[in-house]
Amino acid sequence: MTDEQPSAETGGQVPPGTLSEIRQILDTLADRLRRLEAVPGAPPSPLRPAAPEGTHVEKPEECDALSVGQEILSIPSSGLEPAQVFSLAMDRVSRLLTADRAMLFLWEPEGSRLVARAGRGFRRDDLETISLKAGDGIVGQAFQDERMLRSSSGSVSVAEDPFLALFPVRDAVAVPIRAAGHAAGVLYAGRRAPRPGFSEQEILLLLVIADRVGTALAHRQLVETTGGHIGRLRELEVFLGHVLVGQEKEDMLARACEVACRLGGVRVSALAVPDGSEGLSLAASAGLLAGAITSWRASVSHGLTGELFATHRPVVCRDIQSRDGCEDDILREAGMRACLVVPVRLRHETVGALYLADPEAREFTPDEVAAVQVLASLLALGMENNRLYGEVRTAFEGMESAQDQLVQTEKARAVGAMAGGIANEFNNLLAIVLGKTQLMLARVPEGSLREGLSAVEEAAWRAADIVRRLQGFAATSMDDGAGRVDLAAVVQDALALTRALWKDEAEARGTPIEVVADLGSVPPIDGQAAALREAVMNLILNAVDAMPSGGRMGLKLRSAEGGVELQVSDGGEGMPEDVRRRIFDPFFTTRSPHRTGLGLSVVHGVVNRHHGSVRVRSEHGGGTTVTLWLPAGHAREVESRPAAAAAVNEPSHPEPSNLVRSVGVSPGDGGADHAAGSAAVSILVIEDEEQIRTMLVDALAGAGHNVESATDGLTGLARFQGGHFDVVLTDLSLPECSGLDVARSVKRTHPETPVVLITGWGHLLNPERLRESGIDLMLVKPFRLERLLSVLGDALRLRPIV
């Protein structure tokens, strides 16, 4: 093989070229042929008549070369593979090209070799096995030097050229094929016959063929590049949709890693984010083995990651295994070679690193790097959107919860305002029913009539209990009965009081309920133990009702957010959304007629008075969890009360006859006997309800006392001033002036006279205000006659001993 270049006279060296350059070469060839034809003694062509003097006559060979060149140039360079262009072109030059062997070599970057793609004069099996390195023989040297090379018989030793050693020829030409500005292959032609070397005409035709093949190759590369761009844009477009719609963060990060693998054409990708300790922790990955995931750890000061954080630019490594001093153990241990690390930046700050890796050493094209950079930018935008979306969602949920709480509070307040008046009226009616019933029972002998009256009395007491619970809505604040409450003790008491339902009755029905109580150590709260106990009991009863076939009920108590949190959960069927939204409505129940629908309403009222909150989480078929949050109590000194201070006595009977009494005096301790057995006393009864007033007068007169009555406060005070009375019983709501005004007037003139307030409001009244008004005792409607006489006895004992 020789590298010498033919002189300009022989046309051996041809500048690489475009179609215009080839046209100029063809014109030069035609001009030379015309000059050769003008040599003296040359015979005229027998195929054509002699031309007039001064006229140029083209030789047949020249006409064929020009026409074949035009045919080659007419082969489309788009839509055809390079091998197809080679075959079409070789068909057109077969009558002019005296080569008996020709082959098309294309460069394969993956294998770094020239591979045979098409040929003439070779067996098909040869095409599948032939490949050359750059620089091997005439073909490899032409590719490496990007210039045409020729060899003639004896100029190149077969030992120097492995290709010619396999396929020996006398003459050979290797023309480099250029595409996109660099060598992309070689067009080879060889001749075994002992003939003169390839002519300039043949070489020019080979150059034209090489140009067409190069153009087809460039077009194919352009199509592949464009297709790659379109594919990457589609990948980014799809991922952008997941970024903008507020997907879950884990799902978005996992999708980003999958898209990164496709954009970079790699098997492995991973996203790492700062973990606050000068390192990166794995947030998502694709293609990583489980062992690599668990051992992932990257330092921001070493290896490729350190280089990335130092420059804030993408870092590319063709083969990390051959990199000296590389400390990216996470990539080495995973068996990776080619690596690309791209920063995930947000507002000039690197918030993560996107790793792309492949087990084969390779280069990353600029298009691949640019596409991954766009993905990293979208990923940073998605992470920020996800954070903002989470904050907005949390704020919205908080606002929604606050709105629901406000709606429930306002609803309860509206119901409370209505319930206050209704309950008072019902208490008056029930007081009449119970009073008259008890008077009749005292006079009726045993028999069916007495049984009927007893049934009426029992129904009235049940109605009174419902009214008492309904009155809870009217309370807007806690009274002085509030104190330091151990909520764990309250829960234990509630479990003990309801044990008959969730333990004994459930086991008797064959539907056992397992109760799991996790009562952690919590700080005390400020509140009313009785009200809180009732609220917890209601939650327990609701949970028991939700599991008619048995199940598991859990109670969990813990400190949370500056307060105490109690969770009561059941394993029932749960509630649909339309039911969950109405659970706090008074009298709403799905278990009628066994329940009144006041349980959760009472819970909401109690918690609201304690400045707490109620949350309900329920899934249809997945059980219900009710969470109470109550603020922790604040240390305060217990104020000592004077001897005349009022206290509340709540009887164990369902009858809501709360009694305000003096400290040290126990209601009912012989009060009835004292009132009945002692000398007659004078009693003033002030009550605007005629039936109640008549019942009180009859009952007290029947006990042997002197009783006078008045229908309003002013009339009652006038009678009090005009006579002598040992005890005054006054209703709270009176025409002209209230019962509190009556008490104040009585105490101003006769401080020693006891005043008993008769009301249906019960424990909802403020004891401090009652004490300030001069009220000594309170009798809550409805009441038993025994309670009336007991209160009277307590009132008489309050008089000073003369």
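No value in this document is a laboratory result; all are computed from the given coordinates. Computed from a predicted structure; not experimentally measured. Quick reminder, even Gly has a Cβ in these numbers, built from the backbone with ideal geometry, and neighbours come from all protein chains shown.
Kindly provide log₁₀ I(q)/I(0) values, in the same order as q = 0.10, 0.11, 0.16, 0.21 Å⁻¹, from the Debye equation applied to equal alpha-carbon scatterers of the range 217-375.
Those come out to -0.35, -0.42, -0.89, -1.48, one per q.
First measure r as the distance between the Cβ atoms of residue 455 and residue 393, then evaluate 1/(1 + (r/R0)^6) with R0 = 60 Å and state the FRET efficiency to the nearest 0.05.
Calculated transfer efficiency: 0.55.
Calculate the all-directions average of the projected area of the range 115-188's alpha-carbon convex hull, and give it in nm².
It is 4.7 nm².
Run through every distinct alpha carbon pair of the range 292-383 and return the Kirkwood hydrodynamic radius in angstroms, one decimal place.
13.4 Å
Among 538-544, 741-747, how do they line up by average Cβ neighbours within 10 Å per residue, starting with the highest?
538-544, 741-747
Which three semi-axes in whole Å describe the equivalent ellipsoid of the range 158-279, each the square root of 5 times a Cα gyration tensor eigenvalue, listed largest first?
Values for the range 158-279, descending: 54, 19, 10 Å.
Highest mean first, what order results for 355-362, 169-176, 390-397 on Cβ atoms within 10 Å?
Per-residue Cβ counts within 10 Å, averaged per peptide and sorted highest first, yield 169-176, 355-362, 390-397.
For the range 531-579, what value does the Rg/Rh ratio take when both radii are computed over Cα atoms and Rh is the Kirkwood radius, given to two decimals?
1.03
How much of the pair distance distribution for the range 238-323 lies past 16 Å, counting alpha-carbon pairs only, in percent?
62 percent
Stretch residue 332-residue 680 to full length: gain in nm at 0.36 nm per residue minus the Cα-Cα span?
114.7 nm
Mind pulling up the Rg/Rh value for the range 677-720? Radius of gyration and Kirkwood radius, both on Cα.
1.00
Scattering from the C-alpha atoms of the range 700-772 alone, worked out with Debye: what is log10 I(q)/I(0) at q = 0.26 1/Å?
Debye intensities relative to I(0), on a log10 scale: -1.35.
Among 184-191, 614-621, how do they line up by average Cβ neighbours within 10 Å per residue, starting with the highest?
Highest to lowest by the protection proxy: 184-191, 614-621.
Let me check I have the definition right: for the range 72-148, take the eigenvalues of the Cα gyration tensor, multiply each by 5, take square roots. What are those semi-axes in whole Å, largest first?
Equivalent ellipsoid of the range 72-148: 22, 15, 14 Å, largest first.
Semi-axes of the equivalent ellipsoid of the range 184-256: what are they in whole Å, largest first, if each equals the square root of 5 times a C-alpha gyration tensor eigenvalue?
Here the semi-axes work out to 55, 11, 5 Å.
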